[in-house]
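Asks: Starting off with a structure, shown below.
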Amino acid sequence: MTETRLTIRRPDDWHLHLRDGDMLKSVLPSTSANFGRAIIMPNLVPPVVTSQDAEGYRDRILAAMPEGHDFTPLMTLYLTETTDADDLEQAAKSGLVTAVKLYPAGATTNSQSGVRDFDKVAGVLERMAEIGLPLLVHGEVTTPDVDIFDREAVFIETVLDPIRRKFPKLKVVMEHITTEEGVNYARSGGDNLGATITTHHLIINRNDLLVGGIKPHFYCLPVAKREKHRLALRAAATSGDARFFLGTDSAPHLDQNKLCECGCAGIFSALNTMSCLAHVFEEEGALDKLEAFASLNGPAFYGMAPNTTNVDLVKTDEKVVYPPNIPTPEGPVTLFNPGFDIFWKVENEK
Ligand code: OTD
Ligand code: ZN
Ligand code: ZN
């Protein structure tokens, strides 16, 4: 049996949905087994808005952690038009909160409390620029006249670029970019602009979602785009460029909430992400860039040190079989199916 082994620093996930309660307990081990840290998205119902909310949520995550796992949740606050700049500053300075998340109202799952009038958050953005707290943006406009496939490109032009011009010192992460325009805009920025890329957007395009029958488990927001965009994302992720780093956007929903007339957006990929990424980077002849994407560029952007332990990615001739779904007390959550056989597995440092 032939074996290829790649040792990299333990990866981090710079964009993750863990939910709460039973779902949190069910999905957390998929991440905490292999990742050192993750930026935890605040779109609970109700959202994580105040430092007190973040503290409570962090404690619930830590309480749900399996024994022996060494994982740090990095908390975020959900920016609303009434966010208190002082509360935010205190939460940042105490280390409780690592970033603030901007959702345009209605852009994705549980984003009803998001921002409608950007002038109302100018004071908070000013403060964040001052103290170096990053703003993470879900970069899609939500006005009904803009086609869903154009929402990212229009957001960059009409919202993101004006914000960055108004607050040139503000650190910004373009979350889960899905287009060539997103890649190009991230490349045009300086070192205070970063972009996360999901595993699934490196693998699926909109044909995978829609051709030959609709695939609810490939439905996520931002929606997968045409092939040229997927190729642009692959080029960016595998380039080694420090502005691009992994954010899985693993977003679990019960199957029953995806397989219905109005199915939820979100792909659960935490469990097999590193295996899928090794496959993608190998396909691109860029295995030597995987560590930068998954383990080095993210911490560098956030001003943190990389993890001190390693993981091994090991490829053998033997197929790695992941379960099709994971159980929760309320029903199964389907795991992202990349559409190719997986031969890479993750081994934790002994
Ligand atoms: N996209 N689903 C969810 C969030 C993300 O935009 C996102 O970050 C979710 O279910 O929370 C999704 O498709
Ligand atoms: Zn988002
Ligand atoms: Zn997300």
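Asks: How many residues are within 16 Å of ligand 1 (Cβ to nearest atom) and either touching an Asp or Glu at 6+ places or on another chain (Cβ under 8 Å) or not hydroxyl-bearing (S, T, Y) (or both) when one looks only at the stretch 178-204?
Replies: The total comes to 13.
Asks: Among the residues of the stretch 219-235, is any surrounded by fewer than 20 Cβ atoms within 10 Å (Cβ to Cβ) and within 14 Å of V173 (Cα to Cα)?
Replies: No, the stretch 219-235 contains no residue that is surrounded by fewer than 20 Cβ atoms within 10 Å (Cβ to Cβ) and within 14 Å of V173 (Cα to Cα).
Asks: Ok, one more. Of R243, R230, which residue is touching a strand residue (DSSP E or B) at 6+ places or on another chain (Cβ under 6 Å), more than 12 Å from ligand 1 (Cβ to nearest atom) and of a type outside the set (F, W, Y)?
Replies: Only one candidate qualifies: R243.
Asks: Given the options V115, V100, name the one that is among the hydrophobic types (A, V, I, L, M, F, W, C) and more than 28 Å from P11 (Cα to Cα).
Replies: V115
Asks: Scan the strands (runs of 3 or more DSSP E) fully inside the stretch 1-103 and keep the ones with 1 or more residues being touching a Gly at 6+ places or on another chain (Cβ under 6 Å) and closer than 30 Å to E152 by Cβ. Write out each step before concluding.
Replies: On the way: elements: 4-9, 13-16, 37-40, 72-78, 97-102.
Output list reads 13-16.
Asks: For residues in the stretch 10-27 being away from ligand 1 (no atom under 15 Å from the Cβ) and either buried (at least 24 other Cβ atoms within 10 Å of the Cβ) or at pLDDT below 95 (or both), which is nearest to E330 (Cα to Cα)?
Replies: D12
Asks: Let me ask you something else. Out of all the residues in the stretch 16-41, which are in contact with a helix residue (DSSP H, G or I) (Cβ under 9 Å, 6 or more places away or on another chain), within 16 Å of ligand 2 (Cβ to nearest atom) and not charged (D, E, K, R)?
Replies: Within the stretch 16-41, L16, H17, L18, A38, I39, I40 qualify.
Asks: Let me ask something else about it. Take the stretch 324-350 and flag every residue that is closer than 18 Å to T199 by Cα and not aliphatic (A, V, I, L, M).
Replies: Across the stretch 324-350, the qualifying residues are P324, N325, T334, F336, N337, P338, G339, F340, D341, F343, W344, K345.
Asks: Here's a check for you: in the stretch 219-238, which residue that is more than 16 Å from ligand 2 (Cβ to nearest atom) and under 19 Å from T273 (Cα atoms) is nearest to the chain's Cα centre (by Cα)?
Replies: Keep residues of the stretch 219-238 that are more than 16 Å from ligand 2 (Cβ to nearest atom), which gives 226-232, 234-238.
With the extra rule that they be under 19 Å from T273 (Cα atoms), the set shrinks to 230-231, 234-238.
Values: R230: 16, L231: 19, R234: 16, A235: 18, A236: 16, A237: 14, T238: 17 Å.
Applying the filter and picking the extreme gives A237.
Asks: Any chance you could count how many residues in the stretch 92-117 are more than 16 Å from ligand 2 (Cβ to nearest atom), under 23 Å from the mean Cα position of the chain (by Cα) and surrounded by fewer than 22 Cβ atoms within 10 Å (Cβ to Cβ)?
Replies: Matching residues across the stretch 92-117 total 4.
Asks: I'm checking my understanding of the structure. Among residues of the stretch 129-158 that are assigned to a helix (DSSP H, G or I) and in contact with a helix residue (DSSP H, G or I) (Cβ under 7 Å, 6 or more places away or on another chain), which one is farthest from Y185 (Cα to Cα)?
Replies: Taking the candidates together, the pick is I131.
Asks: Would you point out the residue of the stretch 118-128, among those that are of a type outside the set (A, V, I, L, M, F, W, C) and touching a residue at least 12 places away in the same chain (Cβ under 8 Å), that is nearest to ligand 2 (Cβ to nearest atom)?
Replies: Checked the stretch 118-128; the qualifying residue nearest to ligand 2 (Cβ to nearest atom) is K120.
Asks: Among the numbered criteria (1) among the hydrophobic types (A, V, I, L, M, F, W, C); (2) buried (at least 24 other Cβ atoms within 10 Å of the Cβ); (3) in contact with a Phe, Trp or Tyr (Cβ under 7 Å, 6 or more places away or on another chain), which one does A270 miss?
Replies: Checking A270 against (1) among the hydrophobic types (A, V, I, L, M, F, W, C); (2) buried (at least 24 other Cβ atoms within 10 Å of the Cβ); (3) in contact with a Phe, Trp or Tyr (Cβ under 7 Å, 6 or more places away or on another chain), the one that fails is (3).
Asks: Turning to a different aspect of this structure: Yes or no: the stretch 163-175 includes at least one residue that is assigned to a helix (DSSP H, G or I), surrounded by 14 or more Cβ atoms within 10 Å (Cβ to Cβ), of a type outside the set (D, E, K, R) and touching a Gly at 6+ places or on another chain (Cβ under 6 Å).
Replies: No, the conditions are met nowhere in the stretch 163-175.
Asks: Between a residue in the stretch 32-49 that is farther than 18 Å from W14 by Cβ and touching a residue at least 24 places away in the same chain (Cβ under 8 Å) and any residue that is within 13 Å of ligand 2 (Cβ to nearest atom) and not polar (S, T, N, Q), which pairs come within a Cβ distance under 7 Å, given they are 6 or more apart or on different chains?
Replies: That search, which allows pairs on different chains as well, returns P47/Y78; V49/Y78.
Asks: Looking only at the stretch 134-153, how many residues end up being more than 18 Å from the chain's Cα centre (by Cα) and of a type in the set (A, V, I, L, M)?
Replies: 4
Asks: Being in contact with a strand residue (DSSP E or B) (Cβ under 8 Å, 6 or more places away or on another chain) and farther than 29 Å from S94 by Cβ narrows it down to one residue among I148, I214, I197; which is it?
Replies: Selected residue: I197, the only one of I148, I214, I197 that is in contact with a strand residue (DSSP E or B) (Cβ under 8 Å, 6 or more places away or on another chain) and farther than 29 Å from S94 by Cβ.
Asks: Taking G266, is it closer than 19 Å to R187 by Cβ and either out of contact with any Gly (no Cβ under 8 Å at 6 or more places or on another chain) or within 14 Å of ligand 1 (Cβ to nearest atom) (or both)? So that I can check it myself, show each step before the final result.
Replies: Numbers: closer than 19 Å to R187 by Cβ: no; either out of contact with any Gly (no Cβ under 8 Å at 6 or more places or on another chain) or within 14 Å of ligand 1 (Cβ to nearest atom) (or both): yes.
So G266 does not fit the description; no.
Asks: Consider the stretch 327-345. How many of its residues are closer than 20 Å to S26 by Cβ and more than 20 Å from the chain's Cα centre (by Cα)?
Replies: So the answer is 6.
The values are calculated or read from the model by the stated rules, or taken from the named source; none is laboratory data. On a predicted model such as this, the values are computed, not experimentally measured, just so you know. All Cβ positions, even for glycine, are placed from backbone atoms using ideal geometry, and neighbour counts span all protein chains on display.
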